[in-house]
1. Please report the carbon-and-sulfur percent of the accessible area for the chain; probe 1.4 Å, protein heavy atoms only, DNA, RNA and ligands left out.
2. Spin-label point model (7 Å from Cα, Cβ direction): what's the ALA65 to LEU84 distance in nm?
3. Quick one: Karplus J couplings for the range 3-17, per residue in order, coefficients 6.51, -1.76, 1.60, θ = phi - 60°, nearest Hz, x for Gly and Pro?
4. Can you tell me which of HIS53, HIS66, HIS121 moves the most in a GNM of the chain? Springs connect C-alpha atoms under 10 Å apart.
5. Roughly how many Å² is the accessible area per residue of the range 101-185, as a whole number, for a 1.4 Å probe?
6. Quick query: amide H of PHE11 versus all other amide H atoms, modeled in the peptide plane; which residues come in under 5 Å with a sequence gap of 5 or more or a different chain?
7. Let me check I've understood the local charge: for HIS66, count other residues with C-beta under 14 angstrom from its C-beta, Lys and Arg +1, Asp and Glu -1. What total comes out?
8. Hey, what do the phi angles of the range 220-233 turn into as Karplus ³J(HN,Hα) couplings, whole Hz, using 6.51/-1.76/1.60 and θ = phi - 60°, x for Gly and Pro?
Amino acid sequence: MPTKPKLGQNFLNDAQAVQRIANSLGDLSGRAVVEIGPGAGAITGALAARASHVVAVELDHELAAHLRTEFPAERVTVVEQDVLNFDFAAASAAAGQSLPVAGNLPYGITSQILLKLAANHATLDRAVLMVQREVADRITASPGSRDYGLLSVTVQMYGPAETLFTLPPSSFSPPPDVYSAVFRWRFAPRFEELDVQPSTFLRFVRTVFAQKRKTLSNNLRAAGVAPDAITAAFAQAGVDPRARAEALTIEALASLSKCMDTSSSPDSQE
Ligand code: SAM
């Protein structure tokens with residue numbers, strides 16, 4: 001079957017990596033697992049061997065049809081659908097439990113998939129996902145590192161993320177142009193603990209990381225926040241006004257976001 005590069009079809013051909021991905025989800029006995037982009041089923045079999053059921057969401061019609069011939073319907077339900085439209089809440093309700101998620105993602109839509117999972121965190125348990133290595137570096141980055149930014153803070157607000165292992169292009173066929181990495185994400189949102197509203201805080205984070213070259217206060221100024229309000233908020237939060245957003249921990253960003261006068265925060269600029 002010819003592969004479709006537009007759908008990110010680089011199939012995993014590394015049996016050891018398949019086992020590591022399935023093992024990294026932890027104990028799957030009695031669990032229903034969602035697999036994103038099962039492709040020809042490289043990971044699906046390892047998941048089906050551990051879980052009570054696999055819901056495999058594949059956009060490609062031919063691959064979905066092939067998977068139905070490979071796996072018995074009572075072990076694997078193949079859903080031929082764009083994962084961005086997949087109803088995780090309904091799948092979780094049908095399974096009567098929160099769902100572990102696995103997938104060697106189509107790299108072209110990694111961010112959209114991560115945002116979709118974040119939006120559905122309440123119905124999810126944990127995820128083990130293959131992404132481009134540089135993206136995994138950004139997802140798991142700590143404050144002060146070159147890779148720390150909007151993606152790190154957004155993902156980590158929904159729970160801790162850790163890189164598990166990396167793979168060279170030769171682990172796939174056809175080989176992609178990039179290295180890949182598998183990371184694990186445990187869904188445990190931090191909004192309540194840090195006393196911030198998700199939409200308000202994530203909008204603040206998008207504003208302060210808007211331009212990496214600029215200081216945090218210059219990004220706020222560029223978004224139309226009054227200089228006085230910025231000075232007051234930095235003083236109240238105890239944050240150096242010359243700081244760049246990538247130097248600040250999630251806790252410091254949360255405290256600064258709360259100290260912004262609501263009448264002058266980026267929220268009121270819409
Ligand atoms: N899991 C297989 C493996 O590891 O060999 C295939 C992984 S391949 C990197 C990505 C898979 O996602 C392909 O099978 C592709 O057809 C599928 N895919 C691409 N876009 C998708 C989408 N929007 N929704 C669901 N599946 C998608």
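1. Working: 6230 of 12310 Å².
Carbon and sulfur: 51 percent of the exposed surface of the chain.
2. In this crude label model, ALA65 to LEU84 measures out at 2.5 nm.
3. 7, 10, x, 4, 9, x, 7, 10, 8, 6, 10, 10, 4, 5, 5
4. HIS66
5. For the range 101-185, the per-residue accessible area is 37 Å².
6. Distant-sequence amide H within range of PHE11: SER173.
7. Once positives and negatives cancel, what remains is -3.
8. Using θ = phi - 60°, the values come out as 5, 4, 5, 8, x, 7, 5, x, 4, 5, 5, 4, 4, 5 Hz.
The values are calculated or read from the model by the stated rules, or taken from the named source; none is laboratory data. Every value quoted in this text rests on a predicted model; they were computed, and no experiment measured them. With ideal geometry, Cβ positions are generated from the backbone for all residues, glycine too; neighbour counts draw on all protein chains shown. Keep in mind that these areas ignore ligands, DNA and RNA; they rest on the heavy atoms of the full protein, side chains included. Shrake-Rupley method; radii C 1.70, N 1.55, O 1.52, S 1.80 Å.
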